[in-house]
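**Q** Starting off with a structure, shown below.
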Amino acid sequence: MAKTPQVPEAERIQDEPFSEALSTRYLTYALSTIMARSLPDVRDGLKPVHRRLLWAMRLLKLDPNTGYKKCARVVGDVIGKYHPHGDQSVYDALVRLAQTFAVRYPLIDGQGNFGNIDGDNAAAMRYTEARLTTVASEMMQGLDEECVPFRPTYDGEEEEPEIFPGTFPNLLANGAAGIAVGMATSIPPHNVAELVDGLTLLLDNPDASTEALVDLIPGPDFPTGGIIVESRESIIESYKTGRGSFRLRARYHIEDQGRGTWAIVVTEIPYQVQKSKLIEQIAGLINDKKLPILEDVRDESAEEIRLVLEPKSRTVDPTVLIESLFKLSDLEIRFPLNLNVLDKNRVPRVMSLKEALEAFLDHLFDVLRKRTEYRLGKIADRLELLGGYLIAYLNLDEVIRIIREEDDPKAELIKAFSLTDRQAEAILNMRLRSLRKLEEMEIRKEDAELRKEQAELQELLASPAKQSRRIKKDLAELKKRYGPETELGKRRTTFETAKEMPSIPLEAMIEKEPITVICSEKGWVRAMKGHISLEEEQKFKDGDGPAFAFHAYTTDKILVVADTGRVFSLGADRLPGGRGFGDPIRLMIDLESDARVVAMCPWRADARYLLASSDGRGFVVAAENVLAQTKAGRQVMRPKGNARLVAFLPVQGDHVAVIGENRKLLIFPLEQVPELSSGQGVTLQKYKDGGLSDVTLFTLAEGLSWPMGGSTGRTRTETNLSDWIGNRAQAGRLPPMGFPKNNRFSG
């Protein structure tokens, strides 16, 4: 045998631009992912792996009324004949179709451990068993009637259906989720009885609006229940565009625990939220003290979900607690809607609710016509045979003679009675017992019934109105089987109007505890538990010393003021504990490298603050204008030139005392200082040279006080201040005898 000549490798190599080769191959992969893996078909709502699973189980005769078979047997058939992918991914798809908490209308009836809502995995496929449910059987009803196309399997040895023909609206009833290349789908499950009402409306009125459909299909119906608190307007808009989301909450009630105590009991959690992770999430809120009004969470679930949430005390407002949990945990989620599906031409596109229902109705009409044509073909075949049988009965003696005496009875029968080949073959294959008189009567009766059915089917095929009535009848029967009065069909997810979110105070999020904030000269900050004495000596790193110390609470915001005029905000509950030396404040805020902290104090909502810079300028600012929301802080004062912020004081009293580096003191009414939101400020004291040394606020009637120095800790208060009282922006006079030489009002 001659050998095939080998083409040299150099001649087999084809030059092609890399970008073109990459884009071509990636496009092929993307289309394969979109059409053969991730997106469901709008007609039966199934992805290929699900369709192949159900088809393989049907061929294994795993009907709802038969016994179970091992899932390993099913998975083996699927990956061996139809779906050449990993066995674990196929088994995971099988498991999901059997989970009552994952699928609204399960397509597979599982026996064994198929996982649970806690997030535990199913047992291995060699331990579990499965069979089809009634829903799956209804989806495949009519597969033997040539009403849907079949295609060869990947190896060409067998065939598989491209689509299922059933009346069950699986796409919207069970929903779908998937991520393809460049697109995704997310369809929540709905109630079948409501979908039937919507389909019937479109049959009666094809021009029905989305608003009319939402009257009948108010929203999703999740297998795990819950409460939808989305507004009707938002739901309508989502269904019109095919994109949106639904706000879904857990179902709960307040349970009286006796003696004035109570607890929140959660009985239904949002769809696709794992109970164990939800409990961990809530426990984390308690441990991190993000929700101190919650004392404990307990899982008392058996077959039904029961999560018990205990408040910190009986005085806690239940509304504040549950609304806080909705905000901070997965007790409330947003389930997305992205109705991205493959249409009947296998083209992916986002459909509205109405378009999806119309596409399903088109599918039902197409299946009905093809099933009718198939049945008419079967009737015609049977009538042909019955006609031959009747000829045989009418000419029985002659038929017997031909069969007994002729060498080729088949040809003679065809010639003698003008029979078709099939009729002659059927007569020759008749049994002797069929020649009795009663059998002739039954054949005539069957012939009459088939001709009547044939006429009805021909009328059905010719009349769109009759087809519509037939589909409505089939849908009505479907609604009876899955209506609101049935266990499987009754609505599980209800609707409520979201309550106005109460204003939750900061104290509800953080446990209020007294602390003492200490900051060193080099910027190491810590928070000691309790209100300790500010005179108590504290330990600092070598070469470091005290700078600021004050009492506060964990619910406070701490203001950190830099000499650049920028004010930062720190949560007191976020400050490091007082066991060590604390943490550098620069790790908590974006403090410039050359900036120095000049003030630290608790923020008060009703306070006002006086800012003063080294060039003698200043202004008053309200508390709301100094609070920062980010680590970058807030630029409140903008010192001019090389000036720096030197004072940040809570406003108290009625007069301002300013002393310059030239040791001149000026006192003027506080009302002369304007209140600004930010800026450089106005001149507080005028200087020929030097700048501002210190500033303070006091009540004139009580006098101006300053420390006398030494170790006695005594202070002196001067009430006769008429010589120093003037107006803002004056130069001032030398201070009274005994004023500190360091020009500081506070020592």
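The values are calculated or read from the model by the stated rules, or taken from the named source; none is laboratory data. Just so you know, these numbers come straight off a predicted model, no measurement behind them. Here Cβ is always computed from backbone atoms with ideal geometry, including for glycine, and neighbour counts include all displayed protein chains.
**Q** Of all residues in region 462-471, which are surrounded by 16 or more Cβ atoms within 10 Å (Cβ to Cβ) and not hydroxyl-bearing (S, T, Y)?
**A** Step one: filter region 462-471 for residues surrounded by 16 or more Cβ atoms within 10 Å (Cβ to Cβ), giving 467-468, 470-471.
Matches in region 462-471: Q467, R470, I471.
**Q** Contact list please: Cβ distance under 8 Å, first residue in region 651-671 and farther than 25 Å from C601 by Cα and not assigned by TED's automatic domain parsing to the domain that holds L704, second residue aliphatic (A, V, I, L, M) and part of a loop (DSSP other than H, G, I, E, B), pairs at least six apart or on different chains.
**A** Nothing qualifies.
**Q** Moving on to the next point. Scanning for something crowded, with 18+ Cβ neighbours inside 10 Å, of a type in the set (G, A, S) and under 21 Å from R451 (Cα atoms), does region 391-408 turn up at least one residue?
**A** yes
**Q** Next question. Need the failing condition index for R371 against (1) under 30 Å from K472 (Cβ atoms); (2) in the same structural domain as S468 (by TED's automatic domain parsing); (3) surrounded by fewer than 17 Cβ atoms within 10 Å (Cβ to Cβ), just the number.
**A** Result: R371 fails condition (3) only.
**Q** Residues that are modelled with pLDDT under 90 and farther than 30 Å from E332 by Cβ: find the helices (runs of 4 or more DSSP H) completely inside region 387-501 holding 3 or more of those.
**A** So the answer is 396-405, 409-417, 421-428, 437-462.
**Q** Output the residues belonging to region 26-82 that are under 21 Å from E158 (Cα atoms), assigned to a loop (DSSP other than H, G, I, E, B) and either free of Cβ contacts under 8 Å to residues at least 60 places away in the same chain or not assigned by TED's automatic domain parsing to the domain that holds T134 (or both).
**A** Residues satisfying the conditions are L60, K61.
**Q** Filter region 242-273 for residues that are under 25 Å from the mean Cα position of the chain (by Cα) and surrounded by fewer than 16 Cβ atoms within 10 Å (Cβ to Cβ); which is nearest to V103 (Cα to Cα)? Give the steps one after another, and end with the answer.
**A** Residues of region 242-273 under 25 Å from the mean Cα position of the chain (by Cα): 242-253, 264-273.
Subset that is surrounded by fewer than 16 Cβ atoms within 10 Å (Cβ to Cβ): 253, 267.
Details: H253: 26, T267: 19 Å.
Across region 242-273, the extreme among qualifying residues is T267.
**Q** If a residue must be part of a loop (DSSP other than H, G, I, E, B) and either modelled with pLDDT of 95 or more or among the hydrophobic types (A, V, I, L, M, F, W, C) (or both), how many such residues does region 307-328 contain? Steps first, please.
**A** First, pick out the residues of region 307-328 that are part of a loop (DSSP other than H, G, I, E, B): 312-317.
Add one more test, that the residue is either modelled with pLDDT of 95 or more or among the hydrophobic types (A, V, I, L, M, F, W, C) (or both), and what stays is 316.
Count: 1.
**Q** How many residues, within region 118-133, are in contact with a Ser or Thr (Cβ under 7 Å, 6 or more places away or on another chain) and either surrounded by fewer than 21 Cβ atoms within 10 Å (Cβ to Cβ) or basic (K, R) (or both)? Show your work before the answer.
**A** So the first thing to find is which residues in region 118-133 are in contact with a Ser or Thr (Cβ under 7 Å, 6 or more places away or on another chain), and the list is 118-119, 122, 131.
Those left that are additionally either surrounded by fewer than 21 Cβ atoms within 10 Å (Cβ to Cβ) or basic (K, R) (or both): 118-119, 131.
Total satisfying the criteria: 3.
**Q** Could you tell me which of the residues L670, L700 is surrounded by 18 or more Cβ atoms within 10 Å (Cβ to Cβ) and either β-branched (V, I, T) or in contact with a strand residue (DSSP E or B) (Cβ under 6 Å, 6 or more places away or on another chain) (or both)? Spell out the reasoning first.
**A** Working: L700 fails: surrounded by 18 or more Cβ atoms within 10 Å (Cβ to Cβ).
One residue alone meets the criteria, L670.
**Q** Right, here's the next one. Report every pair of residues separated by at least 6 positions or lying on different chains whose Cβ atoms are under 8 Å apart, first residue within region 474-498 and closer than 18 Å to G198 by Cα and free of Cβ contacts under 8 Å to residues at least 12 places away in the same chain, second of a type outside the set (S, T, N, Q) and exposed (fewer than 13 other Cβ atoms within 10 Å of the Cβ).
**A** Every condition considered, the pairs that remain are K490/P484.
**Q** Still on this structure, I have one more. Could you go through region 546-555 and let me know if any residue there is part of a loop (DSSP other than H, G, I, E, B) and surrounded by fewer than 19 Cβ atoms within 10 Å (Cβ to Cβ). Walk me through how you get there before you give the answer.
**A** Taking region 546-555 and keeping what is part of a loop (DSSP other than H, G, I, E, B), we get 554-555.
Those still in the list that are surrounded by fewer than 19 Cβ atoms within 10 Å (Cβ to Cβ) too: none.
No - not one qualifying residue is present in region 546-555.
**Q** Same structure again: Pull up region 10-39, narrow it to residues that are of a type in the set (A, V, I, L, M) and within 25 Å of R51 (Cβ to Cβ), then point me to the one that is surrounded by the fewest Cβ atoms within 10 Å (Cβ to Cβ). Write out each step before concluding.
**A** Initial filter on region 10-39 (of a type in the set (A, V, I, L, M)): 10, 13, 21-22, 27, 30-31, 34-36, 39.
Narrowing further to those that are within 25 Å of R51 (Cβ to Cβ): 27, 30-31, 34-36, 39.
Working: L27: 11, A30: 14, L31: 14, I34: 21, M35: 16, A36: 15, L39: 24.
Ranking the qualifying residues of region 10-39, first place goes to L27.
**Q** Next question. Assuming R126 fulfils every condition listed in (1) in contact with a Lys or Arg (Cβ under 7 Å, 6 or more places away or on another chain); (2) within 26 Å of K370 (Cβ to Cβ); (3) free of Cβ contacts under 8 Å to residues at least 60 places away in the same chain; (4) not hydrophobic (A, V, I, L, M, F, W, C) apart from one, which condition is it?
**A** Unmet condition: (2).
**Q** Can I ask one more? If you go through region 263-281 one residue at a time, do you hit one that is within 27 Å of T555 (Cβ to Cβ), free of Cβ contacts under 8 Å to residues at least 12 places away in the same chain and charged (D, E, K, R)?
**A** For region 263-281, residues within 27 Å of T555 (Cβ to Cβ), free of Cβ contacts under 8 Å to residues at least 12 places away in the same chain and charged (D, E, K, R): present.
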